[in-house]
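Asker: This is the structure I want to talk about, given as structure tokens.
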Amino acid sequence: MTKLLLSSYEYPGLIKLQNRIVMSAMTRGFADKNHCATDLIKNYYEKRAQFGAGMILTEGVVIHHTGDGYNSVPHIETKEQADSWKSTIDAVHKYGTKIFCQLWHCGRISHSDYTGGVAPVSSTNKPAEGINRQNNKPYGIPEALTKEGIKNVQIQYLQATENAMNAGFDGVELHLGHGYLADSFFDSRINDRTDEYGGSIENRCRFAVELVEQVMKKYRANEVIVRISPSRDMNGIYNWPNMDEMLEYFIPKLWSLGVRILDVSCARADYYQTSGQVIRKIRKHWQGPLMGGASLTPSQAEKEIAEKYLDLVTWGRFFIANPDFVEKLKEDRPLVEFSPSMLSQLL
């Protein structure tokens, strides 16, 4: 049964969707040489809207070239880059689907190959462990952001938000998870600062709080989604240190700043071992729309909605394998299983 999943969803005065199914943000790497959206990207998102997605969260769109870390991903630093999304937005809106632009800064999950030759930036000068699969090199040694550098990144986020809204997106999603820039401030195993952006829980949340506060001063609650990933897959289950205390501080803080839509991601991990547990902790603090899911089956998602843990359910790989995912649920047709080989094309 997928009755609740397929039912319309409305949070009065905030958001209204034709169903509770959200296409999750997924890095695809099919932008052109100028990091603009293409007709291929337009067709990709249009198909998911045509077959009934309630909301689409775009792939991560880099806010500034110095925040890149991937091959051929879109940027939204310039007017040309922002305007390249207009045809995609119009195509998606034609089917009644909302589309939000996920704003992305890779932080230390990068290399100078992708940042115009400058060092990546982070909360720290400690590089990420391992080999960057984008260029098969060790991750670059980051530069720990100065206070002036933090202000510059905040300005970049605000400009990117303005560019996205001017292009016609319904809103933006601030990506604060997955080990990228904001997440490197949250995590005390990474954040080794001794100033007001490191040490205590309040200090480690300060970068994100200041960023969200500035965005919320300019934009309405229905135009901003915040994404976090306190528990996720990263070569095994990876949790925020002091997670309960972090959530008890940060989640009410987001609410007090005016955020009302929260996306809790688990990055391919089993939902019940990761974000599902986080959502159960968050729900008591969060009365607005809460989205998550990823690994859930449709019947499991239905149960999470019925038990009022989730309001909206995000799926990624199902949408890659099944452009007509929502229609298949409506008609109770079998789903195509995801295969990594599908990532080589944008269909």
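Residue-by-condition table, conditions (1) crowded, with 19+ Cβ neighbours inside 10 Å; (2) basic (Lys, Arg); (3) farther than 30 Å from Ser123 by Cα; (4) touching a strand residue (DSSP E or B) at 6+ places or on another chain (Cβ under 6 Å):
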residue	(1), (2), (3), (4)
Ser24	yes, no, no, yes
Ala49	yes, no, yes, no
Ile63	yes, no, no, yes
Lys86	no, yes, yes, no
Ile109	yes, no, no, no
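Asker: Does the range 59-81 include one or more residues that are of a type in the set (Lys, Arg) and either over 28 Å from Ala221 (Cβ atoms) or in contact with a Ser or Thr (Cβ under 9 Å, 6 or more places away or on another chain) (or both)?
Answerer: Scanning the range 59-81, I find no residue that is of a type in the set (Lys, Arg) and either over 28 Å from Ala221 (Cβ atoms) or in contact with a Ser or Thr (Cβ under 9 Å, 6 or more places away or on another chain) (or both), so the answer is no.
Asker: In the range 85-126, which residue that is in contact (Cβ under 8 Å) with a residue 40 or more places away in the chain and on the phi > 0 side of the Ramachandran plot is farthest from the chain's Cα centre (by Cα)?
Answerer: Looking at residues that are in contact (Cβ under 8 Å) with a residue 40 or more places away in the chain and on the phi > 0 side of the Ramachandran plot, I get Gly116.
Asker: Within the range 238-255, can one find any residue that is closer than 23 Å to Glu59 by Cβ and within 17 Å of the chain's Cα centre (by Cα)?
Answerer: Scanning the range 238-255 turns up no residue that is closer than 23 Å to Glu59 by Cβ and within 17 Å of the chain's Cα centre (by Cα).
Asker: Ok, one more. How many residues does the range 159-201 contain that are among the hydrophobic types (A, V, I, L, M, F, W, C), within 25 Å of Met246 (Cβ to Cβ) and out of contact with any Phe, Trp or Tyr (no Cβ under 7 Å at 6 or more places or on another chain)?
Answerer: 4
Asker: Residue by residue through the range 114-142, note down the ones that are part of a loop (DSSP other than H, G, I, E, B), under 23 Å from Glu196 (Cβ atoms) and not hydrophobic (A, V, I, L, M, F, W, C).
Answerer: Once the filter is applied, which keeps residues that are part of a loop (DSSP other than H, G, I, E, B), under 23 Å from Glu196 (Cβ atoms) and not hydrophobic (A, V, I, L, M, F, W, C), the range 114-142 yields Pro120, Ser123, Thr124, Asn125, Lys126, Pro142.
Asker: Which of the residues spanning the range 186-209 are closer than 20 Å to Trp255 by Cβ and in contact with a Ser or Thr (Cβ under 8 Å, 6 or more places away or on another chain)?
Answerer: Arg204, Phe207
Asker: Only one of (1) modelled with pLDDT under 95; (2) touching a strand residue (DSSP E or B) at 6+ places or on another chain (Cβ under 9 Å) fails for Met234. Which number is that?
Answerer: Failing condition for Met234: (2).
The values are calculated or read from the model by the stated rules, or taken from the named source; none is laboratory data. From a predicted model like this one, the values you see are computed outputs, not experimental measurements. Methodologically, a virtual Cβ is constructed for each residue, glycine included, from the backbone with ideal geometry; neighbour enumeration extends over all protein chains shown.
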